[in-house]
1. Please report, in whole Å³, the volume per residue of the convex hull around the C-alpha atoms of region 1-70.
2. Which order results if 3, 39 are arranged by neighbouring Cβ count within 10 Å, fewest first?
3. Suppose a student asked you for the relative contact order of region 5-73, using Cα pairs under 8 Å spaced at least 6 residues apart; what percent would you report?
4. At 0.36 nm per residue, minus the direct Cα-Cα distance, what do residue 22 and residue 7 gain on full extension? Give it in nm, one decimal, please.
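What follows is calculated from the coordinates using simple rules that are stated; it is not laboratory data. Fair warning: this is a prediction, and the values are worked out from it, not measured in the lab. Cβ atoms come from the backbone with ideal geometry, glycine included; neighbour counts cover every protein chain shown.
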């Protein structure tokens, strides 16, 4: 998610589909490559506007996009929780592979030299 599609189209987050469509049409008129043939910036803007409308114009993709925004906005960094996850992962690794390492060590020790 590179850009805020609502900001690109200039609509609020609770905008109705008709409002989004109207904003899209206004943005297309401002940035259409046929109206501005020599302006590369307008052509790039047009690609971004089309991408924004393809997401916000489709109810399913819009819901997925909104869910991603909300989960990112509600994200809080908790160093103790992250440390706990790291310790649990380390402990899981340790207990999982200690048995394997012990078996390997014992098999090496039990080998007889010729």
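1. Expressed per residue, the convex hull around the Cα atoms of region 1-70 is 74 Å³.
2. Fewest-to-most ranking of 3, 39: 3, 39.
3. 33 percent
4. So the chain would gain 4.0 nm between residue 22 and residue 7.
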